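Some notes on the structure that comes next.
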């Protein structure tokens, strides 16, 4: 029996062989790449332990954390457009009514899938109650300025400060606020990036104009609204999945003041292509957030762009170089108030 092949047939066979060889090489390269850069799964917890909470301070800070704060000499001064300026000692702070609130903080330069975010149970004073006590001028006030012992400063809109959920925190996850996280007092502003959550606060000022903080004076944006964030913690990056059923764990943070969501997802995958098997639906198991403890009520649902976004009526936010990416526009280590 003779087999006759045309030139076209030979070209087809040669092309098929070459394609098979290339695909095999790509698969081997992908497997090698995965082995080289595989990252083990991360623990997914609702509350981040204090010693694992991210810490970022602004680069020009002369403040030395090795120096102990003289708590007997420390004072929080409240000034500006108020009727009754005052100075509170640490003892005065502790004697006032406290609020416990679960709040997630994230650095503005957190990379996709990054660790620069965390959730904690904070205890502190209501900023709104304090401003009402000193008689803040609601007609003239535009910003509330936080000034810190390390020289850092930033502000939030007065109307945001008066929403009732902003804390001046002195405890974190049930213990005294750690030094790296702002002892004795720090701002906790739900829904705003770490640059607005100033640590080591020594002064509050009710400001009548549009205050320019440390980063704004360098030309960066004054908007700090947290964008929608999610992260897969398990399986780890570049890990090879074997079998039909896999458990995915991760977290998500909405662009509002709602605390971190932690959950897991079980997927049944096809044996070859990694697709869902016909007739099988993913089983989604949720881990519900524990309720806030203490005397704080559940957070109301908010729109995607909170009313305290001062730039909501302006053009898209851009860096001085013209980039519209908020995170890419900030230099690494830009955050001051990242949770510790």
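A few comments on the model shown:
- Qualifying residue in the range 36-47 (condition: outside any loop (DSSP other than H, G, I, E, B), modelled with pLDDT of 80 or more, closer than 24 Å to residue 182 by Cβ and out of contact with any helix residue (DSSP H, G or I) (no Cβ under 7 Å at 6 or more places or on another chain)): no
- Just one of the numbered conditions (1) under 22 Å from the mean Cα position of the chain (by Cα); (2) in a strand (DSSP E or B) is not true of residue 160: (2).
- At least 2 residues being surrounded by 12 or more Cβ atoms within 10 Å (Cβ to Cβ) and modelled with pLDDT of 90 or more is the threshold, and among the strands (runs of 3 or more DSSP E) wholly inside the range 180-298 those reaching it are 186-188, 201-207.
- Per-region count, the range 68-86, residues more than 26 Å from residue 57 (Cα to Cα) and part of a strand (DSSP E or B): 3
- Of the criteria (1) over 30 Å from the mean Cα position of the chain (by Cα); (2) modelled with pLDDT of 90 or more, which one residue 50 fails: (1)
- Selected residue (criterion: surrounded by the most Cβ atoms within 10 Å (Cβ to Cβ)) from residues of the range 159-168 that are over 11 Å from residue 196 (Cβ atoms) and touching a residue at least 40 places away in the same chain (Cβ under 8 Å): 167
- Test result for residue 100, surrounded by fewer than 22 Cβ atoms within 10 Å (Cβ to Cβ) and under 21 Å from the mean Cα position of the chain (by Cα): yes
- Residues satisfying the stated conditions in the range 141-158, i.e. in contact with a helix residue (DSSP H, G or I) (Cβ under 9 Å, 6 or more places away or on another chain) and either surrounded by fewer than 20 Cβ atoms within 10 Å (Cβ to Cβ) or at pLDDT below 90 (or both): 142, 151
- Which listed residue is surrounded by fewer than 18 Cβ atoms within 10 Å (Cβ to Cβ), under 20 Å from residue 197 (Cα atoms) and either without any contact (Cβ under 8 Å) to a residue 60 or more places away in the chain or more than 19 Å from the chain's Cα centre (by Cα) (or both), from 87, 129: 129
- When restricted to residues that are touching a residue at least 24 places away in the same chain (Cβ under 8 Å) and under 21 Å from residue 83 (Cα atoms), the range 139-158 contains 12.
The values are calculated or read from the model by the stated rules, or taken from the named source; none is laboratory data. From a predicted model like this one, the values you see are computed outputs, not experimental measurements. When we count neighbours, we look across all protein chains shown, and the Cβ atoms used for this are built from the backbone with ideal geometry, even at glycine.
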